[in-house]
Structures are given as C-alpha cells and as structure tokens.
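> Next up is a structure, given as structure tokens.
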Amino acid sequence: MTSAAPAAHLAELNLAKLRHPLDDPRIEPFVELLNPVNAAADGAPGFVWRLVEEGAPDATAMRPAGENVIVTMSVWETPEALWEFTYRSGHLEVMRRRREWFDRHVEAYLVLWWVPAGHIPTVDEALERLADLRANGPSPRAFTFASTYTAADSLRTDAVPTA
Amino acid sequence: MEDIDAIAALQDPVRRRLYEYVAGQGREVGRNEAAEATGVARTLAAHHLDKLAAAGLLESGSRRLTGRSGPGAGRPAKVYTRSRAERSVSLPARDYRTAAELLAEAAEEAGLDDGLCAAARRRGEALRGSAEPCDDLDAARELLAARGYEPHIEDAEDAEARVLRMRNCPFHAVAERFPPLVCGMNLALLEGLIGADGAVRARMDARPGECCVIIEPSKNNID
C-alpha cells in the first residue's frame, strides 16, 4: 500500500420484477429503450462499468435473483455521477413508467456500496449487499440514495473488501 | 443569514435587476457583462453583486474570461451564478415542504404514481381554464414563465427543431428526493397546462441542472 486512502468507486445493484415476460408486447416499449439507455450509461460522466452477459448487449437474460427479476449492476466514480445518470438522463423516462412494466417492490430493490477502484463486483457480492440492506437497514456496508455513506465511512467499518 | 434577510437584499431595485439578469443567463456572468446588461456603472455592479453573494443569493467564483490559461492569460475575473439554495418566507411559519415530502414518501411506498399523475393532469387543465391549448413555443414560454419554470427557447439550426427548456423546477426539493414520482407528476401537470391536442406538447427529456420536461412542436413526432 502506497496510498493512505485508496480511491473508491460506488457499486449499484437494482432489481426489477417484470409484470410480463420480456418478449410480451406489453413490455415492448421498455425493451425498445434498453439499447439507447445503456448507450447513454456507457457515455455518462463518471461511468466505470456495467454488468453484461457474455455475447449480449445487456444483462436482461441473467436472472440471478429469480426467474422474472431482471438485474442491473454498475460501478460509478461517485454517487453524484450515478444519481445524475439515473434521474437526469433518458433513464428517468424508464423510471417514470416503471409501474407499467414492473411490480411494485415490497422489500429494498436498490443497493449501493463502495468498492476499491479497479474492483469489479460479482453478482454474488451484490446479492449479499442487498441481503445485508434488507436484514440490517442502511449502513456503510449497504445503503441507498436516501441514506448515503462516504467511502471513508465504509473504510472505518471495514466494509470495503481489499481488491 | 436568515431567509427573510436574504430576500430583503432584493428590495434594492439595482440589486434586483442584477440578480434577475444573472439568474436568467443560466451560466457564469462576469461583472462587466452584468453592469452593461443592467445599465449601471461597473463599480456599482460589483458592489451589489458582492452583496448578493454575501446574502447567499448568488455564488461567486473566479475564471479567466479570455478562455486562455497559463502565464500571460491575465488575471482571473470574478464571475457569478445563481445560488442553488432555496429561500422562502411564510408568515406565520408554515412547513409545506415537510408535508410534501411525507405525502410523496407515502405515495412512493404505496405505488400511487397513476393517481398522482391523474390529479396533476386535472390540475394543469384547471389552471389552463377555458384557454385553448398552446399553439406555439412562445405562448408556452409565457405560460411557463408565469409559473416559475424559467423557460428559454433552445435554438437549433433547423427552426423546426426548436424546443423549450426550463431552468427551474418549481418542485425541486421534492423532485430530488422522489424523482420518478415527482417528475412524472410534473410532466402530467404540464401536459394538462399545455393541452393535449395543441400544436406543442410536453415530453420528458431530463438533463443535469434543468427541469426534466421540454416542450416541443407536436409535429416532431407525427412525421
């Protein structure tokens, strides 16, 4: 270790429970938005990485959280960068229409956590963070936009694994 | 500084003109430019701009206005932008923001987007009253300016591609906490206000630092 405070990035996992299968005509408007919105993410300031299935443009066919649950996972330089993309880009239109395509969540469906810069989180790691949030509420290990913690908070509690 | 003191700082007419000019630009404004635009002497403008910054109504920074950097680029000039902070006074004290946040939180948890948007659309229609739907961007600009959206027409090379964007979100504080719910409500309100079958229409096109909705000619999408 040469640096006292290693750079940290923010990781995000989001679950969305489909009301109908992805090839159902009622989901078509959402499917049409996938490529443009993913392209916007890739070009957004502060974007680092997002989960895609090998050989596919996105991760919609991966169902690690249930048969009808699609996941998005990404890493960003700062919480602000993720917030701006999520709510101040074409992605907001997807969010606005979320009730047309997705079931309302009863449990937490979005989790944020800090990772060392350069670390690419695994799906298992992300699901553990979500389980932590659901079991214990927001903490420096697993939190939400409404209750953010800094990377320094996470380091103090040893919540960030070393790369 | 108390909100009421900050607002009182706008009572001076010269200061008020300077504030409105800087706020209307949506970018950093230098002292010379502000002085020229409002027709006051530069030293007087500088004095009032600094008063506005001290009151927290403007933010100040310094930047080389020449666009050059390094030695010989000249001394950085002081520039001003409108502060993002919100000021309000209600007498007697009332706290509508907390009420709005609690209602939004409950609506979000219960998934009441559809009902909220329907109510917002009805409110927009009621505000429009018996007026016809807006028939062009200029009419929409007037309507939205009166409601505090700070609209400006974004010119495009192709005149047909002109759109109306808004610098201010009147629901900013709640919209930041519950974006999909409150931005959806705002869109529905504007759809009702502008009118559904007119020559212009509202559409969501979110960008950093602006209202999430734009107004554009309806035929953009009929072609």
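Computed from the coordinates by the stated procedures, all read-outs in this text should not be read as laboratory data. In this text the structure is predicted, and so the values were computed from the model without any measurement. We place every Cβ from the backbone using ideal geometry, glycine too, and count neighbours over all the protein chains shown.
> Using label points projected 7 Å from each Cα along Cα→Cβ, tell me how many nm separate B:Ser218 and B:Glu109, to one decimal.
About 4.1 nm separates the two model spin labels.
> I want to make sure I understand the PRE zone here: with the label point 7 angstrom from the Cα of A:Ala146 toward its beta carbon, which residues in segment A:88-132 have backbone N atoms less than 11 Å away?
Output list for this probe position: A:108-109.
> Can I ask one more? Under the rule of at least 5 residues apart or a separate chain, name every residue whose amide H is placed under 5 Å from the amide H of B:Leu58.
B:Ala53, B:Ser83
> If the reach is capped at under 30 angstrom between alpha carbons, list the lysines near B:Lys78, excluding any in the same chain fewer than eight residues apart.
Within the straight-line cut-off, B:Lys78 pairs with B:Lys51.
> Enumerate the calculated ³J(HN,Hα) couplings along segment A:74-88 in order (Karplus 6.51 cos²θ - 1.76 cosθ + 1.60, θ = phi - 60°), each rounded to whole Hz, writing x wherever the residue is Gly or Pro.
Computed from phi, the couplings for segment A:74-88 are 7, 10, 10, 5, 9, x, 4, 4, 5, 4, 4, 5, 4, 10, 10 Hz.
> Here's a follow-up. Answer rounded, prolate or oblate for segment A:59-118, using the Cα gyration tensor with square roots of eigenvalues a ≥ b ≥ c: rounded when a/c is under 1.5, else prolate when a/b is larger than b/c, else oblate.
Values: a/c = 1.97, a/b = 1.26, b/c = 1.57.
Since a/c reaches 1.5 but b/c is at least a/b, the shape of segment A:59-118 is classed as oblate.
> Does chain A classify as rounded, prolate or oblate by the C-alpha gyration tensor (a ≥ b ≥ c root eigenvalues; a/c under 1.5 gives rounded; else a/b over b/c gives prolate, otherwise oblate)? Show your work: numbers first, answer last.
Numbers: a/c = 1.91, a/b = 1.61, b/c = 1.19.
Prolate is the answer for chain A, as a/c is 1.5 or above and a/b outweighs b/c.
> Would you order A:Thr150, A:Thr144 from fewest to most other beta-carbon atoms within 10 Å of each residue's own beta-carbon?
A:Thr150, A:Thr144
> Using 0.36 nm per residue, how much length does the chain from A:Ala117 to A:His20 gain when fully extended, once their Cα-Cα distance is taken away? Intermediate values should be presented prior to the final figure.
Values: separation 97, 0.36 × 97 = 34.92 nm, distance 3.70 nm.
Between A:Ala117 and A:His20, full extension yields an extra 31.2 nm.
> Please identify the longest segment of chain B free of exposed GluC sites (Glu not before Pro), where exposed means a DSSP state other than H, G, I, E or B and no more than 16 other Cβ atoms within 10 Å. Before the final figure, lay out each step's value.
Details: sites that count: B:Glu2, B:Glu86, B:Glu157.
Here the longest run is B:3-85.
> Okay, next question. Between 0 and 90 degrees, rounded to the nearest ten: what's the tilt of helix A:123-136 against the longest Cα principal axis of chain A?
Long axis of A:123-136 versus the principal axis of chain A: about 80 degrees.
> Then there's this: Can you sort A:Lys17, B:Lys219 so the residue with the fewest Cβ neighbours within 10 Å comes first? Kindly include the intermediate steps, with their values, before the conclusion.
Numbers: A:Lys17 17, B:Lys219 11.
Fewest-to-most ranking of A:Lys17, B:Lys219: B:Lys219, A:Lys17.
> When the chain is fully extended, how far beyond the present Cα-Cα distance does B:Asp135 get from B:Arg167, taking 0.36 nm per residue of separation? Walk me through the intermediate numbers first.
Working: separation 32, 0.36 × 32 = 11.52 nm, distance 2.17 nm.
Extending this stretch completely gives an extra 9.3 nm.
> Stretched out fully, how many nm does the piece from B:Ala119 to B:Glu142 gain, at 0.36 nm a residue minus the Cα gap? Display every interim value, and only then the final one.
Details: separation 23, 0.36 × 23 = 8.28 nm, distance 2.35 nm.
Additional length available on full extension: 5.9 nm.
> Something else now. Which residue, B:Ala119, B:Ala156, B:Ala140, tops the fluctuation ranking in a GNM of chain B built on C-alpha contacts under 10 Å?
Maximum among the listed residues: B:Ala156.
> OK, next. In what order do B:Tyr80, B:Tyr21, A:Tyr109, B:Tyr149 fall by count of nearby beta-carbon atoms within 10 Å, going from fewest to most?
Values: B:Tyr80 28, B:Tyr21 18, A:Tyr109 21, B:Tyr149 24.
Neighbour counts put them in this order, fewest first: B:Tyr21, A:Tyr109, B:Tyr149, B:Tyr80.
> Name the residue farthest towards the positive end of the dipole of the protein assembly as shown from the options B:Leu143, A:Ser89, B:Leu10, assuming +1 on Cβ of Lys and Arg, -1 on Cβ of Asp and Glu, about the Cα centre.
Result: B:Leu10.
> First measure r as the distance between the Cβ atoms of B:Ile4 and B:Glu176, then evaluate 1/(1 + (r/R0)^6) with R0 = 22 Å and state the FRET efficiency to the nearest 0.05. Please list the in-between numbers first.
Working: r = 24 Å, r/R0 = 1.09.
FRET efficiency, B:Ile4 to B:Glu176: 0.35.
> Any idea which of A:Gly118, B:Val29, B:Ala54 is furthest toward the positive side of the dipole for the protein assembly as shown, if Lys and Arg beta-carbons carry +1 and Asp and Glu beta-carbons -1?
B:Ala54
> Still on this structure: Looking at chain A as a GNM with Cα springs under 10 Å, which of A:Ala44, A:Ala142, A:Ala151 has the largest mean-square fluctuation?
In this elastic network of chain A, the residue with the biggest mean-square fluctuation among A:Ala44, A:Ala142, A:Ala151 is A:Ala44.
> Would you please classify the overall shape of the protein assembly as shown from the alpha carbon gyration tensor, given that a ≥ b ≥ c denote the square roots of the eigenvalues, rounded means a/c under 1.5, and beyond that prolate means a/b larger than b/c while oblate covers the rest? Spell out each step's value before the answer.
On the way: a/c = 1.77, a/b = 1.28, b/c = 1.39.
It is oblate, given that a/c is not under 1.5 and a/b is not larger than b/c.
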